[in-house]
Amino acid sequence: MRLPPLVFALGYAGLIPFLAGPAWLTLSPQTAPPWLDHLWLLYAAMIAGFMAGTFWGMSLLVAEGPNGMIGMALSALLFLLAWGTLALPFRQCLFALAGVFVLLVAAEMWRERTIDPLSGYFTLRATLTIGVLATIGWRVMLGV
């Protein structure tokens, strides 16, 4: 099964909010509202949780077997990690969210090998994760 073009369009459109926060702080820091970082972190954690949910959905395809059960457990753990990062101070939250996105890609590598390869999906996820990690790195370089 090939992924429809809409999946790619929505995936890359999802990077726009990741880019918006650091871009605003780079191009016009004096106009950035005080809530910008908070909203940006909430978006990042929401997307990490959403990605963990997609992992859950793919694990349901083989839920009766041990790989499906492992996949669903990994999904729940990754969701809780994404949510838990929000309890950390800003700088630590940035690094923790980056870690969650890396773990999501590692889980996708496992899923790709054990559950069901979906043509092009892993490549899309890995590419989008590189974009997310780049924006997190950009935000870290801007300082707290």
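Quick note: the coordinates plus some simple rules give every number you see, no bench work behind them. Keep in mind that this is a model prediction, so the values were computed, not measured. Backbone-built Cβ (ideal geometry, glycine too); neighbour counts: all protein chains shown.
Cβ neighbours within 10 Å, averaged per peptide: list 29-35, 62-68 in order, most packed at the top.
62-68, 29-35
Based on Cα contacts under 8 Å between residues 6+ apart, the range 52-144 shows a relative contact order of 28 percent. Once both labels are positioned 7 Å from their Cα atoms along Cα-to-Cβ, the gap between Leu133 and Ala73 label points is 2.6 nm. Of the DSSP H helices in the chain, those with a Cα length along their own long axis of 15 Å or more and a mean Kyte-Doolittle hydropathy reaching 0.0 comprise 15-27, 36-59, 66-84, 90-114, 121-141. Calculated from the alpha-carbon coordinates, the range 82-144 shows an Rg and a Dmax of 13.5, 41 Å respectively. Net length available on complete extension from Trp110 to Tyr12 is 33.0 nm, with 0.36 nm assigned per residue and the Cα-Cα distance removed. In this Cβ point-charge picture (+1 for Lys and Arg, -1 for Asp and Glu), the chain has a dipole of about 180 debye about its Cα centre. Sorting the segments 51-60, 79-88 by their mean number of nearby beta carbons within 10 angstrom, highest to lowest, gives 51-60, 79-88. Summed over qualifying helices (DSSP H, 4 residues or more, each -39500 (n - 2.57)) and divided by its residue number, the chain shows a 222 nm mean residue ellipticity of -26000 deg cm²/dmol. Farthest toward the positive end of the dipole of the chain, out of Trp110, Leu25, Gly68, is the Cα of Leu25, where the dipole comes from beta carbon charges about the Cα centre.
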